[in-house]
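Below is one structure, written out as structure tokens, with a few remarks after it.
The values are calculated or read from the model by the stated rules, or taken from the named source; none is laboratory data. Computed from a predicted model, the values in this text were never measured in an experiment. Note that each Cβ is placed from the backbone with ideal geometry, even for glycine, and that neighbours are counted across all protein chains shown. Ligands, DNA and RNA are excluded from the accessible area calculation, which covers all protein heavy atoms including side chains. Shrake-Rupley method; radii C 1.70, N 1.55, O 1.52, S 1.80 Å.
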Amino acid sequence: MTDVLDQQAFRYSNDEQPSLLCEEVTLSDLAREFGTPLYVYSKRQIVQNFHSFDETLKSSGKEHYVSYALKANSNIELLKILAEEGAGADVVSAGELLVALAAGFTPEKITFDGTGKTDAEIELALKANIHAFNVESLEELSVINGIAEKFGLRAKVSIRVNPDVDAKSHPYISTGLKENKFGIDMENAREAFIYASKQPALEVVGIHVHIGSQITSLDPFIKAARSTVKFVNSLRVKSGIILEHLNFGGGQGIHYRNVVRHPLLPKDELGEEGEYVPSLSEFVGAVLPILDQTGLKIIFEPGRAIVANACALLATVLYTKANSKKKFVIADTGMTELIRPCLYEAYHQVAPLELTAGATQKVDIVGPICETSDFLAQSREMPTLKRGDSIAILCAGAYGYTLASNYNLRPRAAEILVDGAEYRLIRERERVEDVAGVARIENAGLHALVS
Ligand code: LLP
């Protein structure tokens with residue numbers, strides 16, 4: 001849902017032999033210097049994504065804040081950028097809360113989500129004096145009240161309602177239906193608000209709703225906004241409960257297709273336009289006038305829309321092979337670095353770092369992991385790739401590194417931040433010793449082999 005930028009952070013150079021760039025840095029130079037797989041982020045794109053969100057809301061004149069959902073990407077160097085730009089933080093664990101505080105987010109702009117907060121996490125967030133807990137059940141309200149009482153504190157709570165709206169996204173990332181574990185259904189929500197308002201150590205400050213992720217139509221958002229507003233107004237009129245804020249969650253979809261364009265790249269199978277994704281202004285224009293009917297301060301919690309298109313995952317082709325049915329390109333990255341294609345059959349554009357004119361081929365781009373679901377792209381028309389070629393998997397900034405794993409005992413990849421013509425390492429590549437345990441490797445006398 002990012003609006004079209006003047007100049008995309010990732011684009012091909014204008015040379016006769018076009019090279020893929022991140023801002024002013026040639027990606028194949030980074031692949032050579034740091035090795036692959038490698039996540040490369042554009043600072044400019046992150047700042048621009050945050051500001052297009054924030055400015056679009058500011059232009060409406062509405063009191064608001066944008067609370068970046070750390071689950072999309074929690075690298076502290078990226079968080080520092082967002083904290084400095086004035087973003088809030090939406091966290092779901094003690095780890096995310098601590099890294100948000102360390103990155104400089106102000107506690108007054110930190111919200112704590114999640115269906116299963118532990119007692120220790122609640123205590124930590126209370127002591128950090130965060131803006132609000134987004135609470136998901138009656139039992140959780142009672143537990144938070146008990147912990148707050150024990151420490152002589154008051155917990156600010158916002159109750160997450162489940163509006164029973166189909167986000168029309170992938171079923172695994174839809175959260176606003178009754179069969180999903182999230183929030184309290186509208187029929188029981190009033191009871192929860194009344195219960196919370198009677199607890200001595202709770203201060204009911206808001207309502208929270210988040211219906212899913214990578215939502216590419218406005219209709220579900222509009223439905224959720226309408227039913228939330230109706231509920232807030234009836235809560236005020238019928239139960240006398242007055243809230244301070246309405247947190248409308250995240251979920252804004254982004255373009256995954258045609259992210260980089262070049263005449264030498266095969267056309268996307270959906271054509272020039274790719275998939276339809278409403279722009280940020282369309283989204284805000286559709287939901288804000290509805291949410292505004294409550295007169296409450298508005299919070300949004302985007303994750304993907306802030307970081308996804310700010311990263312390319314670089315990889316090297318290890319092998320190619322073909323049988324009578326398929327041609328395979330086997331890369332040195334896969335579901336351990338980017339699980340989205342495997343988990344949600346998600347589409348990510350794949351582009352060679354160096355483009356040359358020539359024949360194209362329909363291939364499956366797969367990883368080295370011992371799972372059939374370890375693919376990055378299926379039946380994709382690509383420029384012909386050979387061993388040693390480097391490729392970029394685009395829009396890997398959200399739910400890429402944060403969902404990475406050590407499966408097959410693979411160390412996690414390094415991360416680089418590009419700023420103009422400069423770049424720096426923002427997280428080192430893990431070593432086998434980090435993952436397998438140094439002592440065990442040293443004891444086996446193998447240390448020299450892996451360092
Ligand atoms: N707020 C809440 C309460 C959430 O649960 C989420 C995401 C967000 C905000 C941020 O949503 P976003 O703006 O990024 O869509 N791993 C999946 C996405 C899972 C989203 C989980 N919740 C993927 O790779 O598509």
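Residues are listed down the side, and each one gets a yes or a no for (1) on the phi < 0 side of the Ramachandran plot; (2) of a type in the set (A, V, I, L, M); (3) in contact with a Gly (Cβ under 8 Å, 6 or more places away or on another chain):
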position	(1), (2), (3)
THR372	yes, no, no
GLU381	yes, no, no
LEU385	yes, yes, no
GLY388	no, no, no
CYS395	no, no, no
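Here the helices (runs of 4 or more DSSP H) wholly within region 87-200 that include at least 2 residues being over 21 Å from the mean Cα position of the chain (by Cα), surrounded by fewer than 17 Cβ atoms within 10 Å (Cβ to Cβ) and small (Gly, Ala, Ser) are 138-150.
Residues that are within 14 Å of the ligand (Cβ to nearest atom) and in a helix (DSSP H, G or I) were ranked within region 68-77; the one that is nearest to GLY303 (Cα to Cα) is ALA72.
When region 139-188 is filtered for residues that are modelled with pLDDT of 95 or more, within 16 Å of the ligand (Cβ to nearest atom) and not charged (D, E, K, R), the ones remaining, listed by number, are VAL157, SER158, ILE159, VAL161.
Among the candidates LEU82, LEU38, the residue that is closer than 27 Å to LEU417 by Cα, crowded, with 24+ Cβ neighbours inside 10 Å and not assigned by TED's automatic domain parsing to the domain that holds ARG154 is uniquely LEU38. Per the listing LYS223, LYS230, the residue uniquely under 15 Å from GLY249 (Cα atoms), part of a helix (DSSP H, G or I) and among the charged types (D, E, K, R) is LYS223.
Kindly indicate whether any position in region 9-23 is free of Cβ contacts under 8 Å to residues at least 24 places away in the same chain and open to solvent by less than 60 Å² (accessible area, probe 1.4 Å). Yes, some residue in region 9-23 is free of Cβ contacts under 8 Å to residues at least 24 places away in the same chain and open to solvent by less than 60 Å² (accessible area, probe 1.4 Å). Among the residues here, THR118 qualifies as modelled with pLDDT of 95 or more, within 30 Å of CYS342 (Cβ to Cβ) and more than 16 Å from the ligand (Cβ to nearest atom). Kindly indicate the residue of region 414-451 that is charged (D, E, K, R) and at pLDDT below 90 and also surrounded by the fewest Cβ atoms within 10 Å (Cβ to Cβ) among those meeting that condition. So, considering only residues that are charged (D, E, K, R) and at pLDDT below 90, the one surrounded by the fewest Cβ atoms within 10 Å (Cβ to Cβ) is ARG440.
Of the residues contained in region 387-408, one or more are found to be open to solvent by 20 Å² or more (accessible area, probe 1.4 Å), outside any loop (DSSP other than H, G, I, E, B) and under 22 Å from ASP268 (Cα atoms). Could you check, for region 364-378, whether at least one of its residues is touching a Lys or Arg at 6+ places or on another chain (Cβ under 8 Å), within 16 Å of the ligand (Cβ to nearest atom) and within 13 Å of TYR256 (Cβ to Cβ)? Among the residues of region 364-378, not one is touching a Lys or Arg at 6+ places or on another chain (Cβ under 8 Å), within 16 Å of the ligand (Cβ to nearest atom) and within 13 Å of TYR256 (Cβ to Cβ), which makes the answer no.
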